[in-house]
1. Give me the distance in nm between label points sitting 7 Å out from Cα along the Cα-to-Cβ direction at SER75 and GLU19, one decimal.
2. Can you list the residues of segment 31-71 with backbone N under 19 Å from a point 7 Å past the Cα of ASN321, pointing along Cα to Cβ?
3. What distance in nm separates the two pseudo spin-label positions at LYS11 and ILE288, each 7 Å out from Cα along the beta-carbon direction?
4. For segment 56-96, compute Rh as the Kirkwood radius over C-alpha pairs and then the Stokes-Einstein diffusion coefficient at 4 °C and 1.567 mPa s; write the answer in µm²/s, rounded to an integer.
5. Give the long-range amide H neighbours of SER170: residues separated by 5 or more places, or on another chain, with amide H under 5 Å away, using H modelled in the peptide plane at 1.01 Å from N.
6. Enter the Cα centre distance for the pair segment 28-43 and segment 174-246, rounded to the nearest angstrom.
7. Place the peptides 128-134, 77-83, 228-234, 161-167 in order of packing, highest mean first, counting for every residue the other Cβ atoms within 10 Å and averaging per peptide.
8. Arrange the peptides 317-326, 64-73 so that the one whose residues have, on average, the most other Cβ atoms within 10 Å appears first.
Amino acid sequence: MKTFFADGKGKGHFENLPEPALKENEILVKICYCGVCGTDQDLFSGSCSFAENGQVTYPVRLGHEWSGIVEKVGSSVTKFKLGDRIVGDNAVACGECEDCTNGDFDKCPNTRYVGTIDPVYDGAFSEYFVIPEHHVYKIPDGISLKEAALCEPFSVAYGATKRMNINSESTVAVIGTGCIGMAAAVLSICAGAGKTVVIGRNPEKLKAAKALGAEIINIRNQDRFEEIDRMTGGKGADFVIECSGAQGTFTDSINLARGGGIIGLIGFYEKSETDVNVDTIVSKSLNIFGVMGEYGNMSGVLKILEQKKPNMLPIITDELNFEDCMKGFVRSNYPNSIKTMIKICEE
């Protein structure tokens, strides 16, 4: 099976590997699509804290945003069969410890991370991929395999929206125009928000946000605080979802939120935020929480996508065949890309 490995320092290579053997609880997946994540790009370049801190062992088999078709199942697999269309979690629990035995896979002390940092679980940039049954989910009818490969970033964004009581009276401000920001906007719209506003600086990406149904603020020529005040009658946003990790956006979140507002932080920050007015957080009685991927989020996302059937395709701005995937790991090749999708097999 054709498999891609990142070597770091902007290099990578393909290998032809034998088809893996299955354990009794595992599923062999024929991978159809795999999205290129910013983490994949960082690991490919080697210019990231994970590589610099020795948290990555090269060569690393990348890929954690995948969709595919069941090719084989182990002897104890009961929920899936040949031909099922599936997606899976971005971390793999051991399935054998006390927590796993109790079904608390998110507490597993032996968790491995799919296609990223150590302890690593081999990623999905391959023609075939193996994953335990307890990390697999069926794709509902009406969702294409290409769209389904967005479920992993959607599951991260869902970690914010599921903790927000979004309704028709809500204004949700999303900072950042990457894939997770777009996913947060779609989930906000699906939750029935009165206003969903995406804030960014790239006009092409903001155009995609508008195509998804969001209102937009381009900070290159608009004052984000004045615009949110105008949209909300001076109250501020009920919910802010910060997805960019850019310098200053944490402070922006605080200033955009209304009194008693809720802020979800998804973006990782390259530099420490040192100029934060904590008194504003206190005086506005803000509720701030961080967001990471969580076991079970994928189920929630798939249920929403099945019920609401949102248009997700504007998020996929670029598509490459598997043999050309290295182009997608270099940010400068696709400066306006929201999500580059790698096509590995035909649907």
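1. It is 1.9 nm.
2. The answer is 31-36, whose backbone nitrogens lie closer than 19 Å to the label point.
3. 4.2
4. 103
5. GLY194, LYS195
6. First find each Cα centre; the distance between them is then 26 Å.
7. On the way: 128-134: 21.3, 77-83: 12.1, 228-234: 14.7, 161-167: 17.7.
Per-residue Cβ counts within 10 Å, averaged per peptide and sorted highest first, yield 128-134, 161-167, 228-234, 77-83.
8. On the way: 317-326: 15.5, 64-73: 23.5.
For the peptides 317-326, 64-73, the packing ranking is 64-73, 317-326.
We did not get these values from a lab; they are worked out from the coordinates using the rules stated. None of these values were measured; they are calculated from a predicted model. So basically every Cβ, Gly included, is an ideal-geometry build from the backbone, and we count neighbours across all protein chains shown.
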